[in-house]
1. Has segment 174-195 got any residue that is basic (Lys, Arg) and closer than 24 Å to Ala63 by Cβ?
2. Specify the residue that is nearest to Phe111 (Cα to Cα); the eligible residues are those in segment 64-78 that are assigned to a strand (DSSP E or B) and open to solvent by less than 10 Å² (accessible area, probe 1.4 Å).
3. Restricting attention to segment 79-96, and to residues there that are of a type in the set (Ser, Thr, Tyr) and surrounded by 15 or more Cβ atoms within 10 Å (Cβ to Cβ), which single residue is farthest from Phe208 (Cα to Cα)?
Amino acid sequence: MTYPVKKQPFLVQLKWCMSLLIPIFLLLNWSGFAQGNRSNKQQTDLPKTDFYDYRGTHAISTALGAAIINGDYADPEFGVYMGFGYKKSIIPYINIQLNYNKFNLVYKNQFNNGFMSFDLNAEILALPHERFSPFVFFGGGVNASNYFEAVDPKVQGGLGLEYVIYEGLSFRVFGDYNHVFSDELDGKVFGASDDVYWRIACGVTFYFGGAKKKAKLLNAVPTIIKTNPIPTDN
């Protein structure tokens, strides 16, 4: 027989998450600072357009990995997770993404149920003009059991690494934390904290679009002829 266990309070989970996120944010800030220093040493009259070569203003992504719950029972196990998404770049550093995720949450010999989530995130790329870039994301969404028997709001956040294998194609690894505003995710109400789950995955992202924006940026750069017109003979 499996007995309910008291899960970690939300503040303890949050403290643990922050202990992971703070070093990542410091790394991202340091990377951006270092990149800025390098850029200042280079020619500054040309806009950065590598983002539009490596990535693009639109993207479709896939993910495959595992999900694990922190709920009201002991012995959680990893369940299968897969996801699909679309994202739109606002500026090279920031994009908005909409994801559909399908996954199982599992307790050993006790519980194995399917769920889905619809997530709306803001994503921040630390080094959008480089092939390799860390990223962080956060947002809100809806968590639903199979056949929408239960639907609950949630918030989520995560971090990961992206490497552009070929222009318009990247490989990603990431993990996220999902806090569901319900204690009935696993069918058991116990303790004062809501149920949460984690997901880890890898996948590929297909980028497209951005050629017009790149051309517009380059066309706006003053050329030698524009800045030093050839005088006409009188």
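The values are calculated or read from the model by the stated rules, or taken from the named source; none is laboratory data. Keep in mind the model is a prediction, meaning the values are calculated, not measured. Glycine gets a Cβ as well: all are built from the backbone with ideal geometry, and neighbour counts include every protein chain shown. Surface accessibility is based on the protein's heavy atoms, side chains included, excluding ligands, DNA and RNA. Shrake-Rupley method; radii C 1.70, N 1.55, O 1.52, S 1.80 Å.
1. Pass one, segment 174-195, residues basic (Lys, Arg): 188.
Those still in the list that are closer than 24 Å to Ala63 by Cβ too: none.
Scanning segment 174-195 turns up no residue that is basic (Lys, Arg) and closer than 24 Å to Ala63 by Cβ.
2. Just the residues of segment 64-78 that are assigned to a strand (DSSP E or B), to begin with: 64-70, 73, 76-77.
The next check asks that each one be open to solvent by less than 10 Å² (accessible area, probe 1.4 Å); those that pass are 67, 69.
Working: Ala67: 14, Ile69: 11 Å.
Among those that are assigned to a strand (DSSP E or B) and open to solvent by less than 10 Å² (accessible area, probe 1.4 Å), it is Ile69.
3. Going residue by residue through segment 79-96, those that are of a type in the set (Ser, Thr, Tyr) are 81, 86, 89, 93.
Going one step further and asking which of them are surrounded by 15 or more Cβ atoms within 10 Å (Cβ to Cβ), we end up with 81, 89, 93.
Values: Tyr81: 26, Ser89: 11, Tyr93: 16 Å.
The residue in question is Tyr81.
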